[in-house]
Structures are given as C-alpha cells and as structure tokens.
Amino acid sequence: MKGAILLEYGEPLVIERIDAFELGPKDVRMQVEASGVCHSDWWAMSGLYPLELPVIMGHEGAGVVLEVGAHVTRVKPGDRIVAALYAACGQCWHCVRDETNLCDHHPVVHHVKHSQRAQGDGRLEGLNGLGTFADEMVIDESMAVKVETDLPGEQLALLGCGVTTGVGAALNTARVKPGSTVAVVGCGGVGQSVIQGAAIAGAARIVAVDPTPLKRDVATAFGATDLVDPGDGDPVEQVRELTGGRGVDYAFEVVGRPQTMMQAYEMARRGGTAVMVGAARNEDVISFNAFELHHEKTIKGCTYGSAQVHRDLQMLVDLAEQGRLDLAAMVTRTFALEQINEAFDAMHAGTVVRGVVVP
Ligand code: APR
Ligand code: ZN
Ligand code: ZN
C-alpha cells in the first residue's frame, strides 16, 4: 500500500509505503480507484487548518470495498463506493433530522489513525478521516456510500467532494427555482458543479465569474449563459448590469475568500440569497452594512452542499448516467500518484477543471 504524505506544511508531498492496521469492527478497507485534487487539500497542506502531521492527503475518492470489519452492515467486499467527505452515521441528532452533512459522528472519525508508515514510527492520519491519495485506504463505515454504476473511477471520485458540494449547493442549500437568475463567483471544480446544479434546477440565467479564460470557456459548456471576467471591472457592477440593475436571485461564492464572499452578497438582489460555498480561513471575517439587512437578503453557509449522501450520491450517479450531469468534462487530466505534486501545479496554473489521481 502506498500513499502521498505531507510531512511538513508547505512542502511537496512524498510517496511512501504505508501499512494498514488490523480492521476495527466498523472499518472498511477499500481500493482507491481514483481521487480528485481539490483546493481544500492545498489549504490544508499550507497549514491553514490544524493537522496532526504526518498525514495522508486527499479527500475526494471512490473505489471498491476489499474487506469489512465484523460489525459493518452497509457495504460488503466488491461493492463500489464513494468515500463521502463527511461521515453520515444515520443515527445522531443531525442525521435523524435530514442533516447528515452535519453528522455528530464526523469529528469522531475525522482524526482516527488507520495506518502507519512502513519506515518510521508514526501512526498516520488520513486527511478528514480519508486519505485518498493512496492505492488503498481504511475508512469508517459512516463514510462509505454504496453506488450502483459502471461510471469510470475518475468520474465517480468527484462525487466524494467537489461535485456533490457544488450541485448540492444549488439543489439543496439554495433550492434554485426554475427560471431564476444565478451568479457563480469562482468556477473551479466546485463552481462548475454549482453551474451544472443550477442548470439541472432550470435556472434561466447563469452568470459565471472567474478571472481564468479556461474556466469561463468550460462554464459555457456546463450551462453558463453569461461570462464575467473580474479583470474587466467591478464584477458586482457587471452582474448587476446583466440583470437590469437588480442583481441575481442566487449568488454563490466558490473561492473561499472574504472579498469574493462580499461580492456574492452584493450580487444578490433585494430579497435574494447568497450562498457561501467556499471554505474561508479560520481568522477570516466579513462585515456588511447593517442597514442593508432591510433588503431582506438571505446569507447561507454551506457544508458539503447540504448533501444527504445516502440519498444524493446515487441520484448524482443517475443524473450522470442519463447525460444530465457531465462528469467526464470535469476531468481535464489524470495523473499517476507519483505525479501528485504536478497535479497541484496544474490546479494553480488553472489548466484543469479537475485533475484526478489514478494510483
Ligand atoms: N473572482 C472569481 N473567481 C476567482 C477569483 C476571483 N477574485 N479568484 C480566484 N478565482 C477562481 C479561480 O480562477 C478558480 O477557477 O476560483 C476558482 C477556484 O477553483 P479551484 O482552485 O478549482 O477550487 P475548488 O476545488 O473549486 O474549491 C473552491 O470551494 O469547497 C471549497 O475549499 C474549497 O474554498 C474552496 C472552494
Ligand atoms: Zn474538497
Ligand atoms: Zn450522524
């Protein structure tokens, strides 16, 4: 078994041999078919979220169950599964209220150390209880979601984080209505998924806002009707101009910065909704004009696209198989595990919608 390990913040990942411990009663050992490279990996590698180093990176993966612990009932060897970014135990206070994305069990499984370095004494944490930049990984049963599909692994992997977050933000968090107007600030893997979700929901206008030409080009193929380059002037003004001076019904921030969050808030029309999909840093603060609360705007936070994974992941698979959700075009390029640092370079250069690692 091998994995891409972060030894020090800000350093390139290192591929090492790793060994799994004996399976706990609720553990699932899976073969990782593929793993998407998401921007949150990079935030974590830069030291923006506290991790117990060393850690196996990667949190967006799918694969096949190899072996299960004695008390596992949800999946069995041979099942195809998506490794959900958030645990969904199905039994806690949040889970029984259709809020599995906020599952109380998640912090428990988040830091469980399932493996160890072949050389060295360190027990290893997998990022977020996962660690998908590996050929195999062990996860808690609450993160293993069975799906029935023949979709290629590199497409299925995207359901682990980005696509589920983005499509879910449109369908679940915002509940975009048919005929409505939408702006999406930041059109990376997650933002393009918001665009696809808004198109599935029947939005009439979808404005894609991104400084990178490639991202604006592909946004059109995913359903964007208008493109805004923030380099051409204030993006808020540009979006307002496109909507009769009014602003949009729903504005999504999918970058993770206070400045763009503020822009999304200002792009929303009076009575409209701004959804903050991007994950900001711990110390970030946004402030807004208190008097403008009279404008009845709604600001919504967003965890994992409010996804109820046991309901939504198979639905996303079905949409993809029917050609209504384009996963293939999301995967610009695949990389071997040994090329993991190149995959991050491609993400920074803006040359991929999603780079996917196939170990
Ligand atoms: N305005 C609009 N778009 C911007 C701006 C800006 N000022 N600055 C950067 N962007 C765009 C980038 O060009 C890129 O296309 O934001 C996009 C970010 O995309 P990715 O790097 O692919 O990131 P992604 O994986 O989509 O994640 C975005 O969502 O879930 C969160 O933690 C994740 O905060 C991250 C965000
Ligand atoms: Zn992610
Ligand atoms: Zn739960």
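Note on the chain: percent of Cα-Cα distances in each 20 Å bin, starting at 0 and stopping at the bin with the largest distance, equals 32, 57, 11, 0.
Helical runs (DSSP H, four residues minimum) scored at -39500 (n - 2.57) apiece and divided by the length of the chain put the mean residue ellipticity at 222 nm at -6500 deg cm²/dmol. Radius of gyration over Kirkwood radius for the range 162-303, both on Cα atoms: the Rg/Rh ratio is 0.93. About its Cα centre, the chain has a charge dipole of approximately 880 debye under the convention of +1 per Lys or Arg Cβ and -1 per Asp or Glu Cβ, with nothing else charged. Each label was represented as a point 7 Å from its Cα along the Cα-to-Cβ direction; for Lys177 and Lys76 these points are 4.7 nm apart. In plain terms, the residue of Cys89, Cys161 with the fewest other Cβ atoms within 10 Å comes first and the most crowded comes last, giving Cys89, Cys161.
Among Thr73, Thr303, Thr243, the largest mean-square fluctuation in a Gaussian network model of the chain, built with springs joining Cα atoms closer than 10 Å, belongs to Thr73.
For the peptides 222-229, 10-17, 132-139, 210-217, residues were scored by their other Cβ atoms within 10 Å and the scores averaged per peptide; the highest-first order is 132-139, 222-229, 210-217, 10-17. Of the residues Leu130, Leu325, Asn282, the one whose Cα sits farthest towards the positive end of the charge dipole of the chain is Leu325 (charges of +1 on Lys and Arg Cβ, -1 on Asp and Glu Cβ, taken about the Cα centre). For the range 199-252, the dipole from Cβ point charges (+1 on Lys and Arg, -1 on Asp and Glu) about the Cα centre works out to 200 debye, to the nearest 20. Ranked by the mean number of other Cβ atoms within 10 Å of their residues, highest first, the peptides 76-82, 269-275 fall in the order 269-275, 76-82. Each Lys and Arg contributes +1 and each Asp and Glu -1, all at the Cβ; summed about the Cα centre of the range 296-359, the dipole is approximately 240 debye. When peptides 20-27, 163-170, 307-314, 287-294 are sorted by average Cβ neighbour count within 10 Å, with the highest value leading, the order is 163-170, 307-314, 20-27, 287-294. One chain, two ends: Glu296 and Asp217. Fully extended at 0.36 nm per residue, the span grows by 25.1 nm beyond their Cα-Cα distance. A full extension of the chain between Phe21 and Val108 corresponds to an added length of 29.5 nm, given 0.36 nm per residue minus the alpha carbon distance. To the nearest ten degrees, helix 189-201 and the longest principal axis of the Cα atoms of the chain are 60 degrees apart.
Ranked for footprinting exposure by Cβ neighbours inside 10 Å, fewest first, His39, His71 give His71, His39.
Only the coordinates and a few stated rules stand behind these numbers; no lab work does. Note that this is a predicted model, so its numbers are computed, not measured. FYI the Cβ positions are ideal-geometry reconstructions off the backbone, even for glycines, and counts take in every protein chain you see.
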